[in-house]
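Colleague: Structure below; questions to follow.
The values are calculated or read from the model by the stated rules, or taken from the named source; none is laboratory data. In this text, all values refer to a predicted model and were calculated from it rather than measured experimentally. As a convention, Cβ positions derive from the backbone with ideal geometry for all residues, glycine included, and neighbour counts pool all protein chains shown.
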Amino acid sequence: MATVLYHLGRTAFRRRWLVALVWVAVLGAVGFAATKAPAAADEGFTMPGIESQKAFDLLEERFPGAAADGASARIVFIAPDGQKVTAGDNKKAVEKLFDEAADGSQVAGAVDPFQAKAVSEDGTTAYATVSFQAKADDLTDASKHHLERAIEQVRDAGLTVEVGGDALATQPSAGGAAEAIGIAIAAVVLLITFGSLAAAGLPLLAAIVGVVVGMTGIMALSETFGLSENTGTLATMLGLACGIDYALFVVSRYREERGKGHAPREAAGLAAGTAGSAVVFAGLTVVIALAGLSVVGIPMLTKMGLAAAGAVLVAVLICLTLVPAMLGFWPNAVLSRGARKNSRRHRRKLRKTENGGSRWAKTVVRHPLPVLLLGVVGLGAVAAPVMDLQLGMPGDEAKPTSTTERRAYDALAKGFGPGFNGPLTLVVDAKGTDDPSQAAATVAKDIAATRGVVSVSPARFNEAGDTAVFSVTPATSPTDEKTKDLVKTIRDERSGIEKDSEATFEVTGKTALDIDVAQKVQDSLLPYLAVVVGLAIVLLLLVFRSLLVPLKAALGFLLSVLAALGAVVAVFQQGHGAELLGVDTTGPIMSMMPIFLVGIVFGLAMDYEVFLVARMREAYVHGEQPAAAVVSGFRHSARVVVAAALIMMAVFSGFIGAGESMIKMIGFGLAVAVFFDAFVVRMAIVPAVLSLLGHKAWYLPRWLARLLPNIDVEGEKLSRKVPAPTAPAADEAPDAEPVGAR
């Protein structure tokens, strides 16, 4: 592996113009294909294998065209104190809005609140629903402005009007200025790490090229594989993160080899052969984690994972080819000022055997047990709240109170009860019964008698008269645990109800769907972890040729992920420190959050593991004692690993500044997970464990050693093939033949 990548790096450096032109051609080709490719049809969110999805499929079959997926706006009217919406001018203003809203160009229908009896018992609150023919993203500005003008007229009449639904919903912010600050911090960290604008800019440039290629490729293949615009979100995030990390490690190794006196092309080859080998296996662990998302069984999540895996593969290819080529264009510009001048101070610095990383490693090696116990106990304490983890899909109730959607939600809950915002939908299949109407009535009667049910709407039958649908209003809010218990109770009592009515029924609706999705994700989490961690252990076994190092890496990752989830639960579910992050309402954790956290952080964690421990393995293979190898690994890699972690934390922290609670949650969870894994697990627990294990850490049974291929990630063969140079080559021309080349 190291030898192959060594020659690839040298070739890319020497044929830099050809490599650059190839990537320009690739970018042009996928860009052209993306502009010509039609957009993928929106298949909506599907979740095979759950009751809510089965009921929805039955609805589409028995009520063709009824399950319209157009946008909707639920307009809530609140009368001034002491007044009612049903009286005088208030009623006229509401009726006028209803008439004007129904005349919109894309409006499919509007429900009059007074005819539909959509008025609270005290008469202070009413709501009207306006349905559109087009989806929210396809609504024209004219249609939105028409409805907004009608709403403003009602407000001018003295009523408070709030709007829920997706027609006029504010789009969630991805971080805005805070995200830009995060990227700026990443650039500053790179500049401090390298002391060179070119060295700091090269990883950013490589990552941007990779993201552009990956995203245009997703757009080009959108119709073929059904990839929606949202599919690329994870690909962009990981493509940027991994692209910066991988280029960062190769550039850092190139600078190190130049500092030893190697010529530019030789240094590029050695960087590709050593750091590039680590990049390949780090990338493979990320791909495993992302491809493993298919285990969950959610088509959308599977597509997102595979698309992101493709973006990571592009990042690896760019790191192995385009980065050495760019080093060929700027062989000396990426070096520090002292290295370019080959100053006496710089030579003293190169001879220096101590730096912050080695000093920290020596401290850990001297006191491994206290460091290990402190790290494990500390992360365990942070992870404790995960025992109270509640999964769900927060809706308008999780939005800031500054949004009209949140105020509409609160007004409806106050006027009609907390369960009004999350009704359950029951689909009764009375096909084959003697009297479908009576069968549906029996089901409705039994459901209405269930504890926790406030009301049951009249049944609505399809044209064939063999299927009925009615809404069930719970007594509790959609995210309340009692609502989840109610759904379970109705399903548990199904056999008795179906026996009485001779009809079958299923529970669906947004609330039931969120509950089913949360349960399926929770059930899939352990199998997902088993598949991903198991495959990663096998891969790391090949990389490090050790039994205990891969096991230690996996256990450390699990500890950091549990700690990150515990921190998310403590803030966003239990409310500790929520105000500091601008979280207005606490509640269940987004269902997809644990899966996203595991997949993304696993990839980044294995990056840090491979890059850090590979240098320790390299030192150990070259003859150093275990403790000295740990120190050597930190001397060469700690600074770069810290820089990579700080960059990722800066990028992810940008999402904490978003207005949307779910985006805050993702940004916070990823940022703290990177912090725990990089600084506590990899920088403290890992060296402590390796120090305690000594030679046993690198033990591999002979029979297994004979079975496993020797991939040579640490470049042992390269050290024999390429002798160390006898003189510095800082001023050597880029195309000069390196000393010792063969």
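Colleague: Determine which single condition Phe77 fails, assuming it passes every other condition in (1) in a loop (DSSP other than H, G, I, E, B); (2) touching a residue at least 60 places away in the same chain (Cβ under 8 Å); (3) over 30 Å from Ser294 (Cα atoms).
Modeller: Result: Phe77 passes all but (1).
Colleague: Considering each of Arg494, Arg451 in turn, give the residue that is of a type in the set (Lys, Arg) and at pLDDT below 90.
Modeller: One residue alone meets the criteria, Arg494.
Colleague: State whether one or more residues within region 666-685 are closer than 30 Å to Gly375 by Cα, assigned to a helix (DSSP H, G or I), at pLDDT below 85 and touching a Phe, Trp or Tyr at 6+ places or on another chain (Cβ under 8 Å).
Modeller: Within region 666-685 (the criterion being closer than 30 Å to Gly375 by Cα, assigned to a helix (DSSP H, G or I), at pLDDT below 85 and touching a Phe, Trp or Tyr at 6+ places or on another chain (Cβ under 8 Å)), the answer is yes, since at least one residue qualifies.
Colleague: Are any residues in region 567-584 in a helix (DSSP H, G or I) and among the charged types (D, E, K, R), and if so, which ones?
Modeller: Glu579
Colleague: Could you list, in sequence order, all residues of region 107-137 that are free of Cβ contacts under 8 Å to residues at least 40 places away in the same chain and of a type in the set (D, E, K, R)?
Modeller: Within region 107-137, Asp112, Lys117, Glu121, Asp137 meet the criteria.
Colleague: Being part of a loop (DSSP other than H, G, I, E, B), closer than 25 Å to Ile75 by Cβ, in contact with a strand residue (DSSP E or B) (Cβ under 6 Å, 6 or more places away or on another chain) and touching a residue at least 24 places away in the same chain (Cβ under 8 Å): is that true of Thr425 here?
Modeller: Taking the combined requirement at face value, the residue does not satisfy it.
Colleague: In addition: Which ones in region 267-297 are in contact (Cβ under 8 Å) with a residue 60 or more places away in the chain and closer than 14 Å to Leu525 by Cα?
Modeller: Ala289, Leu290, Gly292, Leu293, Val295, Val296, Gly297
Colleague: Assess whether Ala564 counts as being touching an Asp or Glu at 6+ places or on another chain (Cβ under 9 Å), assigned to a helix (DSSP H, G or I) and crowded, with 20+ Cβ neighbours inside 10 Å.
Modeller: Judged against the criteria, Ala564 is a match.
Colleague: So which residues in region 95-121 are hydrophobic (A, V, I, L, M, F, W, C) and modelled with pLDDT of 85 or more?
Modeller: Val119
Colleague: Just wondering, is there one or more residues in region 16-25 that are among the small types (Gly, Ala, Ser), surrounded by fewer than 14 Cβ atoms within 10 Å (Cβ to Cβ) and at pLDDT below 80?
Modeller: Checked region 16-25: no residue is among the small types (Gly, Ala, Ser), surrounded by fewer than 14 Cβ atoms within 10 Å (Cβ to Cβ) and at pLDDT below 80.
Colleague: Look through region 115-147, keep the residues that are surrounded by 13 or more Cβ atoms within 10 Å (Cβ to Cβ) and part of a helix (DSSP H, G or I), and return whichever of them is farthest from the chain's Cα centre (by Cα).
Modeller: So the residue we want is His146.
Colleague: While we're on this one: Considering every residue within region 488-503, establish whether at least one is surrounded by fewer than 23 Cβ atoms within 10 Å (Cβ to Cβ), of a type in the set (D, E, K, R) and closer than 19 Å to Leu391 by Cα.
Modeller: yes
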